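Undergrad: The following block contains the structure, expressed as structure tokens.
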Number of protein chains: 2
Amino acid sequence: MAGPTLRDVAKRANVSIRTVSNVVNGYAPVSDELRARVQAALDELDYRPNLIARNLKQGRSGMIALVVPELDVPYFAELAREVITAARARGYVVMVDQTDGDVERERELLGRNSRATMFDGLLLSPLSVTAEELRARGHRVPIVLLGEHIFNGSFHHVAIDNVSAAREATAHLLALGRRRVAAIGDQPYATGETAQLRTSGYRQAHAREGLEVDERLIVPTPRFHRRQGATAMEQLLTLPEPPDAVFCYNDLLALGAMRALTRAGLRVPDDVAVVGMDDIEEGQYSTPSLTTVAPDKKEIARMAVDVLMESIGGTPRPPAEIVVPHRLIVRESTTGQAPAVPT
Amino acid sequence: MAGPTLRDVAKRANVSIRTVSNVVNGYAPVSDELRARVQAALDELDYRPNLIARNLKQGRSGMIALVVPELDVPYFAELAREVITAARARGYVVMVDQTDGDVERERELLGRNSRATMFDGLLLSPLSVTAEELRARGHRVPIVLLGEHIFNGSFHHVAIDNVSAAREATAHLLALGRRRVAAIGDQPYATGETAQLRTSGYRQAHAREGLEVDERLIVPTPRFHRRQGATAMEQLLTLPEPPDAVFCYNDLLALGAMRALTRAGLRVPDDVAVVGMDDIEEGQYSTPSLTTVAPDKKEIARMAVDVLMESIGGTPRPPAEIVVPHRLIVRESTTGQAPAVPT
DNA sequence: CACTATGTCTGCATCGTTGCAGAGCCCTCA
DNA sequence: TGAGGGCTCTGCAACGATGCAGACATAGTG
């Protein structure tokens, strides 16, 4: 089972362990003849370095962990892809874990026996655990927060400007002449900070147009899945004056809402226009295709990994809030116009 | 940066390193008084065990790797979720990596300096690398193959019965009275073994009904993304006698195909019925919702992890091909009937 | 020719943890 | 009283690799 070690190779080539190590790593000059002899032994035994041992000696593992609530939520899957790619470019591999939004699971990360010590750094997209709590618990491993929770000065944090993003999405609907614009996805409680930012963008857009917000049009949802979007939409349709547009706090909610609208026999965007957030690929292929606010995921991943690398590298900057650009992508669900080709 | 070690704690509590280790692990009996003293020191220093050192000593890491072509392909994301859950139940964590279907990246896994040595086992969903090649290269780590490639006797392999699955999907379309059933996703070359199995199921379904297959209705696609589905569908629509149904080799192709149909002004399923494979969540919320063949992903993940654990545990069984159940889920894209509630 | 510089190669210590074997100590029982 | 046994606790070695300092041989210099 266990493979050959440096010692085995050294014995076979009749050299010191250290020399084999040097050949493997190309660290020190080794004469051609000896190198050949060692290389032969390496090949014959099919030597593979034991990375765990190397890690122990070097005090680093070359691994970072990415912790997200749910990996099968497209936004996180797409983000994970970018993080893996970005980390790879820096010579790191990524361990992906999901917490299912379970506070306990998120807390485990910080606990006494957490696996966190195995990693050089942590990228965390927390759902339930608060930054306060994160700070309170000891942490020995550099952490960068992704997308969720507001800045509290304790951690690096990479996200888009949620208020502007939501304001622009809502403004787009208002500019189309819609006057009863609903919002799906508010979370008026402690861990719903991101959702609250979006609600406040939604309000700002109305305020700038001098419009009142009908509070009944703001529908909170505990989670951001298709199902909640559908349910919220159904609920909105029972209002005496149903909405003529909906701003959903992510694309999954929007897709669920569109599904509910279609089922109710309504047309998108003719009867109700729909906007989402996240720009998941699915929204390009839905019927109708989905207008959305696209965060620059590549950039989020790249910045997060970069900042984490810096923290690991030992030049820790003071915690910074890094704002990544976003842009509104207009598709059929608000204009009825098919864009030329799905991008 | 570096945290306190057992030695630091031992010094503080004025006991031997070994005793601290015993307290941490609960291995040996320790008197209450001493345990309290050690525990106090542990708490004061906020000791966290160095898992890398533990791993080195114990010769296992408690990590397995899951390697998939693309993490943002919903099927793989959903599978990854199940694998992570299944592994977690067995006390393992999962490192997820993606190869982008790049042969080189897949080969790296097996190379001299592969990270594979860091893991106790490997779950591999290969796209380009052949099982032959996998076998040819040395591998010291237990490997279980997922879903792709046919059995060649060298590895454990977990998958559904692709031939039956494709046959049932096609038969469903034929049973609805469709007579020009197209197939999107064939891959008539070395690494397209899974696709070929599906094509052969497609042919079997026709044969059982005594029907000829129009070869022009079989459209190969290099990859299984929405875009290829749309392109293939567009191509099919240019035929003198376009199809009245399509069997797509996965759900993404099917969603792309539906998008192309809608854009061409055709109705699903009235003009063209569509079936996919994989049962990704997106298909429950598409318009129309998507009829599909659902592999039991939970079971795939569970079996794969179980078999891998066995191999790791040192009771290696001879490589087995494990067939996991699947079932046809009928939705609007073939019958026009909305199921009661998206499940 | 003595002396330093250079180029190769090696042994020892170490990373932080756990396995193993055994040292004390106290208690029990013949 | 003394042998035997159980309970605690400890030191040493080892997992497999790398950092460091130095040994040795050869080459270069005045």
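Undergrad: Quick one: what pairs do we get from the range A:51-63, first residue free of Cβ contacts under 8 Å to residues at least 40 places away in the same chain and over 19 Å from residue B:141 (Cα atoms), second within 7 Å of DNA strand C (Cβ to nearest atom) and assigned to a loop (DSSP other than H, G, I, E, B), C-beta under 8 Å, 6+ apart or different chains?
TA: A:56/B:50; A:59/B:2
Undergrad: Sticking with this structure for a sec: Checking residue B:18 against (1) away from DNA strand C (no atom under 16 Å from the Cβ); (2) in a helix (DSSP H, G or I), only one condition comes out false. Which one?
TA: Unmet for residue B:18, out of (1) away from DNA strand C (no atom under 16 Å from the Cβ); (2) in a helix (DSSP H, G or I): (1).
Undergrad: Of everything in the range B:39-55, what is in a helix (DSSP H, G or I) and either hydrophobic (A, V, I, L, M, F, W, C) or more than 32 Å from the chain's Cα centre (by Cα) (or both)? Give them in sequence order.
TA: Of everything in the range B:39-55, those that are in a helix (DSSP H, G or I) and either hydrophobic (A, V, I, L, M, F, W, C) or more than 32 Å from the chain's Cα centre (by Cα) (or both) turn out to be B:39, B:40, B:41, B:42, B:43, B:44, B:45, B:51, B:52, B:53.
Undergrad: Which count do you get for residues in the range B:305-335 that are in contact (Cβ under 8 Å) with a residue 40 or more places away in the chain and closer than 30 Å to residue B:270 by Cβ?
TA: Residues flagged as in contact (Cβ under 8 Å) with a residue 40 or more places away in the chain and closer than 30 Å to residue B:270 by Cβ within the range B:305-335 amount to 9.
Undergrad: Out of all the residues in the range B:247-255, is one or more in contact with an Asp or Glu (Cβ under 7 Å, 6 or more places away or on another chain), in a helix (DSSP H, G or I) and under 21 Å from residue B:180 (Cα atoms)?
TA: So far as the range B:247-255 goes, yes, one or more of its residues are in contact with an Asp or Glu (Cβ under 7 Å, 6 or more places away or on another chain), in a helix (DSSP H, G or I) and under 21 Å from residue B:180 (Cα atoms).
Undergrad: So in the range B:82-96, with the set limited to residues that are under 13 Å from residue B:65 (Cα atoms) and at the interface with chain A (Cβ under 9 Å from one of its Cβ atoms), which one is surrounded by the fewest Cβ atoms within 10 Å (Cβ to Cβ)?
TA: The residue in question is B:88.
Undergrad: So, one more: Exactly one of these conditions fails for residue A:301: (1) open to solvent by 40 Å² or more (accessible area, probe 1.4 Å); (2) assigned by TED's automatic domain parsing to the domain that holds residue A:320. Give me its number.
TA: (1)
Undergrad: Go through (1) more than 22 Å from residue A:195 (Cβ to Cβ); (2) not assigned by TED's automatic domain parsing to the domain that holds residue A:198 one by one and return the number of the condition residue A:288 breaks.
TA: Status for residue A:288: all satisfied but (2).
Undergrad: Let me ask another. Can you say whether residue A:69 is facing another protein chain (nearest Cβ under 10 Å) and open to solvent by less than 70 Å² (accessible area, probe 1.4 Å), as far as the supplied structure shows?
TA: So residue A:69 does not fit the description; no.
Undergrad: While we're looking at this one, here's another question. Restricting attention to the range A:316-327, does a residue exist that is closer than 22 Å to residue A:89 by Cβ and within 12 Å of chain B (Cβ to nearest Cβ)?
TA: Yes, the range A:316-327 contains a residue that is closer than 22 Å to residue A:89 by Cβ and within 12 Å of chain B (Cβ to nearest Cβ).
Undergrad: Looking at the range A:3-56, which of its residues are within 9 Å of DNA strand D (Cβ to nearest atom), of a type in the set (A, V, I, L, M, F, W, C), open to solvent by 30 Å² or more (accessible area, probe 1.4 Å) and within 14 Å of chain B (Cβ to nearest Cβ)?
TA: Across the range A:3-56, the qualifying residues are A:6, A:24, A:53, A:56.
Undergrad: Can you tell which of B:171, B:183 is closer than 27 Å to residue B:258 by Cα, assigned to a strand (DSSP E or B) and touching a helix residue (DSSP H, G or I) at 6+ places or on another chain (Cβ under 6 Å)?
TA: Residue meeting the stated conditions: B:183.
Undergrad: Tell me, which residue of the range B:317-343 that is open to solvent by 50 Å² or more (accessible area, probe 1.4 Å), at pLDDT 95 or above and not β-branched (Val, Ile, Thr) is farthest from the chain's Cα centre (by Cα)?
TA: B:328
Undergrad: Considering the range A:187-226 alone, what residues qualify as being buried (at least 19 other Cβ atoms within 10 Å of the Cβ) and over 21 Å from residue A:176 (Cα atoms)?
TA: The answer is A:187, A:192, A:194, A:195, A:197, A:219, A:221, A:224, A:225, A:226.
Undergrad: May I ask you to list the residues in the range B:269-289 that are crowded, with 24+ Cβ neighbours inside 10 Å and more than 9 Å from chain A (Cβ to nearest Cβ)?
TA: Across the range B:269-289, the qualifying residues are B:269, B:272, B:273, B:274, B:275, B:276, B:277, B:278, B:279, B:283.
The values are calculated or read from the model by the stated rules, or taken from the named source; none is laboratory data. Keep in mind that what you see is a predicted model, and the values were worked out from it rather than measured. Don't worry about glycine lacking a Cβ; one is built from the backbone with ideal geometry, like all the others, and counts go over all protein chains shown. Surface accessibility is based on the protein's heavy atoms, side chains included, excluding ligands, DNA and RNA. Shrake-Rupley method; radii C 1.70, N 1.55, O 1.52, S 1.80 Å.
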